[in-house]
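For reference, the structure discussed in these notes is given below.
The values are calculated or read from the model by the stated rules, or taken from the named source; none is laboratory data. All values reported here derive from a predicted model rather than from experimental measurement. In this analysis, Cβ positions are derived from the backbone assuming ideal geometry, glycine residues included, and neighbour counts consider all displayed protein chains. For the accessible areas, the whole protein counts, side chains as well, though only heavy atoms, and no ligand, DNA or RNA atoms are used. Shrake-Rupley method; radii C 1.70, N 1.55, O 1.52, S 1.80 Å.
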Amino acid sequence: MFSSLALTQALPYLPLVQGDIDYGVERRTDPHLIDDVLREAGTSVVLTRAGLLAVPFGQRALTRQSTAHMRLATLPGQYVADALPHHPEVKAIYLGSYAGAAPQHVVALDLTDVAHQSPEDAARHVDDAFDDANGGHDTHDGIFASAVARFDWVDLRGFAPRASAREIGQATTMLALSNWFAYQRHCPHCGYPVEQAMSGWAQRCTNSEDDFRLLFPRVEPAVIMTVVDAQDRLLIQHNKAWKNPLLYSVSAGFVEAGENLEHACRRETFEETGIRVGEVKYLGSQPWPYKISLMMGFKGQALSTDIQVDGEEVGDARWVTRDEYTDLLVTGQIEAPGKATIARVMIEEWYGRQI
């Protein structure tokens, strides 16, 4: 039986990459780290809110243009340093630095809990905050609310295909941590409220009887797999939970307790489509910050071809040749996964070219 896995190589590129940032792990315990780097020239301050990314006003429309270039919106570090002590609802995260003659630091702000202002108030505060005539004094009450109102906010799926590798890495990391802050507001051990620690990379329980336990993000491992048969056809499927009825992707799911990655690939594929898989080969991995997952990609060889969808999670599945897949895309009968997903790159690996 022909096995295309013999010719399969690890994926050379995945969309959500960390880039070349130095996390500066050894500095995270310094309680003054964020304030110090904010006051250094060249520090970038990027923003997230409720799972979205801040981009300059007007750039939200660029998510509908395939060749557009987008960038993250930033705030001046000095103004942020002056304002942060007055806004405990703003969570600051030290993302790291880039090497050079002078290190270029990056700090992320989570503005999820900042109240939204009216456009009129936002305009007044942001103009005051960056008015050299008054030196930025007495403006700390409005700078973050102004940012919420004055910047555009976009999803990572729309941002990543149009941004640089460095900013994609920054966006992915700050979203992962922001999402963790959002869903873990209390200690899972005793139920007490938590507070930020280690420059935004940890939480500390406020319960003295629990010794102020230090908590770290828990990354959820998930597998995703392209499955091919002896004719090198690809198995594609539509999941009922997807809002887009034309979206067809590949099998994926979370790893169960006590399960290894290869078994998870075979189990998920069989549960969803009834297809049994033999050999599997690792392709690569990328973070997915919703909530905090690590997607590990594999390619598997099918041992059977009789599709039997579960009818609960998967509504339809089918085998396609490359010509059939092309025809389905061109005629609008199906749509491929988004450019920010590992699924798309994995399908393109089988397809032999970009979709």
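Go through the residues of the stretch 280-303 one by one and say whether even a single one is without any contact (Cβ under 8 Å) to a residue 40 or more places away in the chain and farther than 18 Å from Trp242 by Cβ.
Of the stretch 280-303, the ones without any contact (Cβ under 8 Å) to a residue 40 or more places away in the chain are 303.
Pick out the ones that are also farther than 18 Å from Trp242 by Cβ and you get 303.
Looking for residues that are without any contact (Cβ under 8 Å) to a residue 40 or more places away in the chain and farther than 18 Å from Trp242 by Cβ, one finds at least one in the stretch 280-303, hence yes.
Please go through (1) over 29 Å from the mean Cα position of the chain (by Cα); (2) among the small types (Gly, Ala, Ser); (3) surrounded by 15 or more Cβ atoms within 10 Å (Cβ to Cβ) for Gly297 and return the number of the only condition it doesn't satisfy.
Of the numbered conditions (1) over 29 Å from the mean Cα position of the chain (by Cα); (2) among the small types (Gly, Ala, Ser); (3) surrounded by 15 or more Cβ atoms within 10 Å (Cβ to Cβ), the odd one out for Gly297 is (1).
If you take just the strands (runs of 3 or more DSSP E) that sit entirely in the stretch 141-235, which of them hold at least 2 residues that are among the hydroxyl-bearing types (Ser, Thr, Tyr)? So that I can check it myself, show each step before the final result.
On the way: elements: 152-154, 194-197, 202-205, 220-228.
By residue number, no strands (runs of 3 or more DSSP E) qualify.
Look at Gly253 and say whether it is of a type outside the set (A, V, I, L, M), open to solvent by 10 Å² or more (accessible area, probe 1.4 Å), free of Cβ contacts under 8 Å to residues at least 24 places away in the same chain and farther than 21 Å from Ser4 by Cβ.
Working: of a type outside the set (A, V, I, L, M): yes; open to solvent by 10 Å² or more (accessible area, probe 1.4 Å): yes; free of Cβ contacts under 8 Å to residues at least 24 places away in the same chain: no; farther than 21 Å from Ser4 by Cβ: yes.
In short, no.
When you look at Tyr290, is it among the aromatic types (Phe, Trp, Tyr), within 14 Å of Ala222 (Cα to Cα) and modelled with pLDDT under 95, yes or no?
Details: among the aromatic types (Phe, Trp, Tyr): yes; within 14 Å of Ala222 (Cα to Cα): yes; modelled with pLDDT under 95: yes.
Answer is yes for this residue.
Six or more apart or on different chains, Cβ under 8 Å: which pairs go from a residue in the stretch 8-19 that's under 18 Å from Ser293 (Cα atoms) to one that's open to solvent by 20 Å² or more (accessible area, probe 1.4 Å) and in a loop (DSSP other than H, G, I, E, B)? Could you list them?
Pro15/Lys339; Pro15/Thr341
Yes/no matrix, rows are residues, columns are (1) under 30 Å from Arg233 (Cα atoms); (2) among the small types (Gly, Ala, Ser); (3) assigned to a strand (DSSP E or B):
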site	(1), (2), (3)
Gln9	yes, no, no
Glu26	no, no, no
Gly42	no, yes, no
Leu47	no, no, yes
Asp82	no, no, no
Tyr94	no, no, yes
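Among the residues of the stretch 174-226, which ones are of a type in the set (S, T, N, Q) and over 14 Å from Lys291 (Cβ atoms)? Walk me through how you get there before you give the answer.
So the first thing to find is which residues in the stretch 174-226 are of a type in the set (S, T, N, Q), and the list is 178-179, 184, 196, 199, 203, 206-208, 226.
Scanning the stretch 174-226 gives Gln196, Ser199, Gln203, Thr206, Asn207, Ser208, Thr226.
Under 7 Å between Cβ atoms, which residue pairs at least 6 apart in sequence (or on different chains) link something in the stretch 318-345 that is over 21 Å from Ser4 (Cβ atoms) with a partner that is hydroxyl-bearing (Ser, Thr, Tyr)?
Close Cβ pairs (under 7 Å, with a partner that is hydroxyl-bearing (Ser, Thr, Tyr)) amount to Ile334/Tyr248.
Ser208: under 18 Å from Thr74 (Cα atoms) and surrounded by fewer than 21 Cβ atoms within 10 Å (Cβ to Cβ), yes or no?
In short, no.
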